[in-house]
Amino acid sequence: MKSKHILYSLLTFLLISISYSCNSNDSYTYGPTDSYSNAQIYKFSVSRALTTKNDTILSKTFFHIDQKSERIYNTDSLPYKMSIKNLLPKLSFASSETPSKTEVIYRNLPDSVVTLADGDSIDFSRNDVSLRITAQNGTSRKEYIVDMAVHQINPDSIVWKQIPLSGTI
């Protein structure tokens, strides 16, 4: 009877040892083959392919990225009548997490999804541009609406009138 308990205990220990050793996963590799799930844009700027006098204005323009509402916009309007057609976007991501795909979407046009390649320009004058970022893992996505504000009236041409004060303040 005592030998049966020893034999059962020994077999149980042996089965546990075998199942534990077969359960190890040595096939996982660490490093650059990992797929990342971060699809956030951390910095956004634009420039022109051909240099113009407004290039310094574009290079100094600050674009705010609202991660919560997924919007990119310039807080200070660009000069009156400045063309925002054919601008080259520059997107910055987390240092190790470049996206697998960046797409431009013109929201008011059906079937207008275009994959953005290096050197491609975007027509921001349409005011319906979105950027869809797909992370390296292929499933995580983030879509940003890009609003680029340009002065609609020349601020130097506005006529200011003094309003007479009536009564005391």
Residues of region 16-51 being over 30 Å from PHE124 (Cβ atoms), at pLDDT 70 or above and not β-branched (Val, Ile, Thr), in sequence order, are SER17
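Filter region 123-141 for residues that are without any contact (Cβ under 8 Å) to a residue 40 or more places away in the chain and either closer than 15 Å to PRO89 by Cβ or surrounded by fewer than 10 Cβ atoms within 10 Å (Cβ to Cβ) (or both) and give the result. Spell out the reasoning first.
Start the filter on region 123-141 by keeping residues that are without any contact (Cβ under 8 Å) to a residue 40 or more places away in the chain, which leaves 123, 126-130, 132.
Hits for region 123-141 are ASP123, ARG126, VAL129, SER130, ARG132.
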Every listed condition ((1) in a loop (DSSP other than H, G, I, E, B); (2) touching a residue at least 40 places away in the same chain (Cβ under 8 Å)) holds for TYR73 save (1)
Only unsatisfied item for ILE105, checking (1) in a strand (DSSP E or B); (2) over 13 Å from the mean Cα position of the chain (by Cα); (3) under 20 Å from ALA49 (Cα atoms); (4) of a type in the set (A, V, I, L, M), is (3)
Residues of region 74-87 being out of contact with any helix residue (DSSP H, G or I) (no Cβ under 9 Å at 6 or more places or on another chain) and surrounded by 16 or more Cβ atoms within 10 Å (Cβ to Cβ), in sequence order, are ASN74
Pairing a residue in region 101-112 that is open to solvent by 80 Å² or more (accessible area, probe 1.4 Å) with any residue that is outside any strand (DSSP E or B), where Cβ atoms lie under 6 Å and the two sit 6 or more apart in sequence or on different chains, gives ARG107/ASP128; ASN108/ASP128
Over region 117-136, the set of residues out of contact with any Asp or Glu (no Cβ under 9 Å at 6 or more places or on another chain) and either farther than 20 Å from GLU70 by Cα or of a type in the set (Val, Ile, Thr) (or both) is ALA117, ASP118, GLY119, ASP120, SER121, ILE122
The one condition ALA117 fails out of (1) modelled with pLDDT under 85; (2) surrounded by fewer than 17 Cβ atoms within 10 Å (Cβ to Cβ) is (1)
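Inspect region 142-151 for any residue being more than 25 Å from MET82 (Cα to Cα) and surrounded by fewer than 18 Cβ atoms within 10 Å (Cβ to Cβ) and give the result as yes or no. Step through it out loud before you land on a result.
So in region 142-151, the residues more than 25 Å from MET82 (Cα to Cα) come out as 142-143.
Okay, now just the ones that are also surrounded by fewer than 18 Cβ atoms within 10 Å (Cβ to Cβ), so 142-143.
The answer is yes; a qualifying residue exists.
The values are calculated or read from the model by the stated rules, or taken from the named source; none is laboratory data. This one's a predicted model, so the numbers in the text were calculated from it and none came from an experiment. Cβ coordinates were reconstructed from backbone atoms using ideal geometry, including for glycine residues, and neighbour counts include every protein chain displayed. Just the protein is used for accessible areas: all its heavy atoms, side chains included, with ligands, DNA and RNA removed. Shrake-Rupley method; radii C 1.70, N 1.55, O 1.52, S 1.80 Å.
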